[in-house]
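Chemist: Have a look at the structure that comes next, please.
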Amino acid sequence: MASRLPSTPPVLSGFHYVRPLGAGGFADVFLFEQNLPRRSVAVKVLLQSVVDAEVLRMFNAEADVMARLSSHPSILTVYSASISADGRPYLVMEYCPSGPAGRFRRTPFSTADALEVGVRIASALETAHRAGVLHRDIKPSNILHTAYGTAVLSDFGIASSLSHSSAAELFAMSVPWSAPEVIEERTTGTVSSEVWGFGATLYSLLAGRTPFEPANGDKVTTEQLRQRIRRAKYTPIVRADVPASLNSALAQMMSLDPRKRPQTMKDCAELLRAVQAEIGLTPTALEVAVDAWAFAGAPIDFDNTLLRQPIVAPVLAEDSRSRARARAKARAARPREAAAQPSDDGTTIARVKPSHLWLKLSAAAAVGVAAAVAIMAALRAL
Ligand SMILES: Nc1ncnc2c1ncn2[C@@H]1O[C@H](COP(=O)(O)OP(=O)(O)OP(=O)(O)O)[C@@H](O)[C@H]1O
C-alpha cells in the first residue's frame with residue numbers, strides 16, 4: 001500500500017462514500033454504497049496528478065481486460081467504469097473484505113489453503129493467457145478474498161497483450177515476485193515470467209516471506225534482492241506440512257531457465273492438484289474458459305488513450321418510424337404461403353402456416369356463398 005494519504009473521494013451520482021480501502025501507485029480505492037441495486041462496492045479512482053495519456057491507456061486497458069475476464073469465478077468482478085464530475089477515471093468493482101497481503105507475513109497460509117488459492121489463481125491466469133492477456137503483476141496484494149472467502153485475482157492495471165503492443169514496451173515490476181529476465185529487463189513479460197511470479201506468490205503465502213529474502217529474517221536492499229533473484233537459488237520451505245512435491249513444484253516454477261519452468265498456468269495448476277491428491281485433499285476444480293469464449297469478441301485495444309464514458313444512445317422518433325416502415329416492407333415481401341426451413345441434412349422443408357390455411361378456407365367459403373346467392377337470384381328471375 002502506498003505511504004501517502006488517500007485523495008479526496010469523488011462525488012458519484014447514485015453512490016454514497018463510506019471509507020478508504022487502500023492506496024496504490026496510481027489510484028486510491030474507496031468503499032462506496034451503491035443506491036440501486038443496493039450493495040457495497042469498491043471504487044478505484046485514478047489520482048488526478050497522474051492522469052496522462054499513458055495512465056489513461058493503462059486505465060482503459062484495465063477496465064476492458066477486467067470486464068472481459070471478470071465472469072471467471074477467480075477474477076475480481078468489475079461492474080462499470082466512468083469518469084467522475086471532477087475528471088477522474090474510476091472503476092466500480094466487487095468489494096472484497098480481505099486479502100492475504102496484510103496477513104501472510106504474520107500468519108502464513110496452511111498448505112491446504114495455499115494449494116486451493118494456487119489452483120484458483122492458476123485457473124484465472126490460464127484463462128487470461130488464453131484470451132491473449134498477461135497480468136504482469138502477480139503478487140499477494142493482487143489476490144483478494146470475496147465476501148464468500150474465495151480468492152480472486154485483481155489489479156490488471158499493467159496488463160498487456162500476449163501478442164505485444166506499445167504497452168509491451170513498458171517495463172513494470174514488483175521486484176520480490178519478478179522473474180530474473182524481467183529484473184534484467186530482457187523481457188516485459190511472457191507466460192514463463194507469469195509462471196515465476198505465480199510460484200513466488202505461492203511461496204510467499206506459505207513461507208511468510210518472499211522467496212529471495214534471507215530465511216533468517218535479515219534485511220536486504222532492493223539491489224541485493226535483485227542480485228539474489230538473478231542467481232535464482234531456491235530455498236526450500238521447511239515446514240512439516242509442506243511436502244517435498246510442493247517444494248519441487250515451486251522450485252520448477254522458479255527455475256532460472258524459463259524453458260525448465262512449467263510451460264502453462266494449467267501445468268502449474270496440475271502440479272498443485274497432484275500435491276492435493278497426494279496429501280489426501282480433494283483436488284480443487286480447474287476452471288478454464290473454453291476456446292469458443294477465449295477467441296470470441298474483438299481483441300482488447302491496449303493502445304486506447306481516449307477519455308471514455310458510457311454513452312446513452314439517443315432514440316430518435318424519426319429513426320424508429322423509418323425502422324417500422326422497413327419492417328412492414330420486409331413483412332410484405334415475405335412469401336405468403338410457405339416458410340422455408342433448411343433441415344440438418346440440407347433438405348428444404350416448406351410448411352403452410354395455419355393462419356394462411358384459415359384465410360384460404362374463409363376465401364373458399366365466401367366464394368361458395370356468393371355463387372349460391374347468384375344461382376338463387378337467377379332461379380328467381382326465371
Ligand atoms: N475490490 C477491492 N475490495 C477491497 N479492497 C480493495 C479492492 N481493490 C483494491 N483494494 C485495496 O486497495 C489497495 C490498492 O489497490 P490497487 O489495485 O490500486 O493496487 P496495489 O496493487 O496495492 O498497488 P500497485 O498497483 O501500486 O501495486 C489494495 O492493496 C487493496 O488493499
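No value in this document is a laboratory result; all are computed from the given coordinates. Please read these numbers as outputs of a predicted model, since none were measured by experiment. Note that we place each Cβ from the backbone using ideal geometry, even for glycine, and neighbour counts take in every protein chain shown.
Chemist: For segment 93-243, report the % of Cα-Cα distances exceeding 22 Å.
Modeler: Details: 4607 of 11325 pairs.
So the pairs more than 22 Å apart make up 41 percent of the total in segment 93-243.
Chemist: Under the rule of at least 5 residues apart or a separate chain, name every residue whose amide H is placed under 5 Å from the amide H of Tyr95.
Modeler: Ala42
Chemist: Moving to a separate point now. Run the simple label-point estimate for Asn35 and Tyr148 please: 7 Å along Cα→C-beta, distance reported in nm.
Modeler: Spacing of the two 7 Å Cα→Cβ label points: 3.0 nm.
Chemist: Points 7 angstrom from Cα along the Cβ direction at Arg103 and Ser245: gap in nanometres?
Modeler: 2.8
Chemist: What full-extension length gain, to one decimal in nm, is calculated for Asp86 and Thr221 as 0.36 nm per residue of separation minus the Cα-Cα distance?
Modeler: Numbers: separation 135, 0.36 × 135 = 48.60 nm, distance 3.97 nm.
Value of the extension gain: 44.6 nm.
Chemist: Hey, how many Å between the Cα centroid of segment 206-254 and the Cα centroid of segment 44-106?
Modeler: Cα centroid of segment 206-254 versus Cα centroid of segment 44-106: 30 Å apart.
Chemist: Sticking with this one: Along the Cα→Cβ direction, 7 angstrom out, place labels at Ala274 and Glu184. What is the inter-label distance in nm?
Modeler: That separation, rounded to one decimal, is 2.8 nm.
Chemist: Which cross-chain or sequence-distant (5 or more) residues have an amide H under 5 Å from the amide H of Ser84, H modelled 1.01 Å from N in plane?
Modeler: Sorted by chain and number, the residues that satisfy this are Tyr90.
Chemist: For Ile75, what residues show an amide H to amide H distance below 5 Å, using hydrogens built from the backbone and excluding near sequence neighbours?
Modeler: The list, which skips near neighbours in sequence, is Leu153.
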